[in-house]
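Okay, structure first, notes after.
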């Protein structure tokens, strides 16, 4: 069994060269990045009680970024002191990530893997599944494999899109067809998950739900902000039981 959806991998592989272009096909992620990095950093400092290093606040934390793409999350988290491993089922993405991190003189381990074929001795403190679960072929297997890669009391982040009529209008019709923020076909509404559905799947795989926050885009400031509104974009955090 596999979590890899070949059509999704082919789609993102074709766009791989555009990962680090802030005005390219991944422009939305570049704009989204500061908000999600701030949330991850704050949550990790709180959860692991990190309070010693101002410049490298995440020093000593081992992070696995699943579906890392070109490394948009891996690089800033590494700069914050974390030991970061990025995996992606698209070899094109991994090669772009390796090249860019080398250019930036960063020490990040990138591997062409999906979670079900990643064999490691030492588990991770943190797993990031950011804008990934809506692109996998078997969400139950995916979360099951994540559970085997994370330490007890580790924390897993899942950023994805809710499943309702509003999310169809905003995330697909609005973002892909009207505003053209994303290439048409980026998302399949049938793969979206409600926070409740995600909670059921993660709880079955030895995770305890921590919190759920919404993320909203402000057209006036051109920034993403945290919100109580989880009706479209949301981030759930889970603790390994």
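Values in this text are rule-based calculations from the coordinates and carry no lab data. Please read these numbers as outputs of a predicted model, since none were measured by experiment. Reconstructed Cβ throughout: ideal geometry from the backbone, glycine too, with neighbour counts over all protein chains shown.
Ranked highest first by the average count of other Cβ atoms within 10 Å around their residues, in what order do 70-76, 164-170, 33-39 fall? Walk me through the numbers before you get to the answer.
Values: 70-76: 24.6, 164-170: 15.1, 33-39: 16.9.
Order by mean packing, descending: 70-76, 33-39, 164-170.
Among 186, 3, 209, what is the fewest-to-most ranking by other Cβ atoms within 10 Å?
Working: 186 20, 3 25, 209 16.
Arranged by neighbour count, lowest to highest, 186, 3, 209 become 209, 186, 3.
Roughly how far apart, in whole Å, are the Cα centres of segment 200-239 and segment 79-121?
A separation of 24 Å, based on Cα centres.
Can you classify segment 121-241 as rounded, prolate or oblate using the Cα gyration tensor, where a ≥ b ≥ c are the square roots of its eigenvalues, rounded means a/c under 1.5, and otherwise it's prolate if a/b beats b/c and oblate if not?
Working: a/c = 2.16, a/b = 1.76, b/c = 1.23.
Prolate.
Got a sec? How would 102, 109 order by Cβ neighbour count within 10 Å, fewest to most?
On the way: 102 11, 109 14.
By the 10 Å Cβ count, ascending: 102, 109.
Quick one: work out the % antiparallel among DSSP beta bridges in the chain, nearest 5.
Working: 20 of 37 bridges.
For the chain, the DSSP antiparallel bridge percentage is about 55.
Consider just the alpha-carbon atoms of the chain and return their Rg together with their Dmax, both in angstrom.
When restricted to Cα atoms, the chain yields Rg and Dmax of 16.7, 47 Å.
Taking Rh as the Kirkwood radius computed over C-alpha pairs, what is the Stokes-Einstein D of segment 19-62 at 4 °C in a medium of viscosity 1.567 mPa s, expressed in µm² per second?
Values: Rh = 12.0 Å.
Using the Kirkwood radius from Cα pairs, D works out to 108 µm²/s.
By the gyration tensor of its Cα atoms, with a ≥ b ≥ c the square roots of the eigenvalues, what is the shape of segment 38-141: rounded for a/c under 1.5, prolate for a/b over b/c, or oblate?
On the way: a/c = 1.91, a/b = 1.33, b/c = 1.43.
Oblate is the answer for segment 38-141, as a/c is 1.5 or above yet b/c matches or exceeds a/b.
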